[in-house]
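Data block below; observations after.
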Amino acid sequence: MSDPKTIILLATYNEMENLPDLVDSLIHTLPGADILVVDDHSPDGTGDWIDEKRKSEARLFCIHRSGKNGLGSAVIEALQFAIDHKYDFAVNMDADFSHPADRIPMMIDRMNKEVNGSLPDIVIGSRYISGGGIQGWSLKRKLMSRAINFFARLMLGLKTKDNSGSFRCYRISFLEDFDFKSIRSRGYSFFEEFLFRLKRKGASFAEIPILFTDRTRGESKINRKEAITAVWILFSLGMKSLFSKR
């Protein structure tokens, strides 16, 4: 059996301090995988660096966008690229070294492992199962993350432990007829809503443990407005789901 055709997805905005080293790490760790960067017109030159790197690295691809259009929309655009180019798996991860690249082979192995006669459609790199954890966060941020994940399970009926993390492997064949236009979120609540809609479509999920490490270079893109918007979207989705069942 040949290795699955895999692509790594990276959404970037001002990641020049991290992206060159991360791309080199991914090329070394995953010699058979392609890499797609979706850059939102980074003023720090991230997009220019990608174009220059592509001249010597055929496995690197880039989508240049005109401005900051939201993390969720960047992931959707990247997944549509994976669908159009007939990949088997797409691994989405952050571009700031918070997600351990050396866990990607474990994700791929888990995608190919049957449990109760079925293969998972999505494998999540989880901070909240046995063996997982977070390094470098304050207690306040840890509590906020725990709260949003509890809220997502409560309101959206999700059984997975880590619903807000972006480190995931998707089976592209399952997404080929997915209606991405149905997703309301364009910011950080995208990841919870996407799992919710995949669950309603009949997706099967698995989680592997990861150690999430807070970024040491560059600035976090999340802010208070994003967090409030995320909570509101999850609440409205949960209420809509509840009343539709009734």
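The values are calculated or read from the model by the stated rules, or taken from the named source; none is laboratory data. Since the structure is predicted, the reported quantities are computational estimates derived from the model, not experimental observations. Here Cβ is always computed from backbone atoms with ideal geometry, including for glycine, and neighbour counts include all displayed protein chains. These area figures cover heavy atoms from the full protein model, side chains too; ligands, DNA and RNA do not enter into them. Shrake-Rupley method; radii C 1.70, N 1.55, O 1.52, S 1.80 Å.
Could you list, in sequence order, all residues of the range 22-42 that are without any contact (Cβ under 8 Å) to a residue 24 or more places away in the chain and farther than 21 Å from residue 86 by Cβ? Break it down stepwise before answering.
At the first step, the residues of the range 22-42 found to be without any contact (Cβ under 8 Å) to a residue 24 or more places away in the chain are 24, 28, 31.
Once the filter is applied, which keeps residues that are without any contact (Cβ under 8 Å) to a residue 24 or more places away in the chain and farther than 21 Å from residue 86 by Cβ, the range 22-42 yields 24, 28.
Just checking: which of the helices (runs of 4 or more DSSP H) contained wholly in the range 1-109 hold 2 or more residues that are closer than 17 Å to residue 167 by Cα and modelled with pLDDT of 95 or more?
On the way: elements: 19-29, 46-54, 71-84.
Where helices (runs of 4 or more DSSP H) fall fully within the range 1-109 and carry at least 2 residues being closer than 17 Å to residue 167 by Cα and modelled with pLDDT of 95 or more, they are 19-29, 71-84.
Looking at the range 114-168, which of the residues that are in a loop (DSSP other than H, G, I, E, B) and either free of Cβ contacts under 8 Å to residues at least 24 places away in the same chain or aromatic (Phe, Trp, Tyr) (or both) is least open to solvent (accessible area, probe 1.4 Å)?
Taking the range 114-168 first, the residues in a loop (DSSP other than H, G, I, E, B) are 114, 116-117, 119-121, 127-132, 136-138, 157-167.
Then keep just the ones that are either free of Cβ contacts under 8 Å to residues at least 24 places away in the same chain or aromatic (Phe, Trp, Tyr) (or both); that gives 114, 116-117, 128, 137-138, 167.
Values: 114: 119, 116: 156, 117: 65, 128: 30, 137: 34, 138: 67, 167: 1 Å².
Checked the range 114-168; the qualifying residue least open to solvent (accessible area, probe 1.4 Å) is 167.
Quick check on my filter: what residues within the range 94-113 are among the polar types (S, T, N, Q) and open to solvent by less than 40 Å² (accessible area, probe 1.4 Å)?
The one that is among the polar types (S, T, N, Q) and open to solvent by less than 40 Å² (accessible area, probe 1.4 Å): 98.
Please name all residue pairs, on different chains or six or more residues apart, with Cβ atoms under 9 Å, provided the first residue is in the range 184-197 and is on the phi < 0 side of the Ramachandran plot and open to solvent by 10 Å² or more (accessible area, probe 1.4 Å) and the second residue is among the aromatic types (Phe, Trp, Tyr) and not in a helix (DSSP H, G or I).
197/178
Would a scan of the range 43-61 turn up a residue that is open to solvent by 20 Å² or more (accessible area, probe 1.4 Å), touching a Pro at 6+ places or on another chain (Cβ under 7 Å) and free of Cβ contacts under 8 Å to residues at least 60 places away in the same chain?
Checked against the condition, which is being open to solvent by 20 Å² or more (accessible area, probe 1.4 Å), touching a Pro at 6+ places or on another chain (Cβ under 7 Å) and free of Cβ contacts under 8 Å to residues at least 60 places away in the same chain, the range 43-61 yields at least one hit.
Evaluate the range 28-36: report whether one residue or more is under 16 Å from the mean Cα position of the chain (by Cα) and open to solvent by less than 10 Å² (accessible area, probe 1.4 Å).
Scanning the range 28-36 turns up at least one residue that is under 16 Å from the mean Cα position of the chain (by Cα) and open to solvent by less than 10 Å² (accessible area, probe 1.4 Å).
Of everything in the range 110-135 that's of a type in the set (Gly, Ala, Ser) and modelled with pLDDT under 95, which residue is farthest from residue 208 (Cα to Cα)?
Of all residues in the range 110-135, those of a type in the set (Gly, Ala, Ser) come to 117-118, 125-126, 130-133.
Narrowing the set further to residues that are modelled with pLDDT under 95 leaves 117-118.
Values: 117: 19, 118: 17 Å.
Among those that are of a type in the set (Gly, Ala, Ser) and modelled with pLDDT under 95, it is 117.
For residues that are at pLDDT below 90, outside any loop (DSSP other than H, G, I, E, B) and β-branched (Val, Ile, Thr), tally how many sit in the range 195-232. Can you show your working first?
Within the range 195-232, the subset at pLDDT below 90 is 215-232.
With the extra rule that they be outside any loop (DSSP other than H, G, I, E, B), the set shrinks to 224-232.
After this cut, where a residue has to be β-branched (Val, Ile, Thr) as well, the list is 228-229, 231.
Summing the residues that are at pLDDT below 90, outside any loop (DSSP other than H, G, I, E, B) and β-branched (Val, Ile, Thr) in the range 195-232 gives 3.
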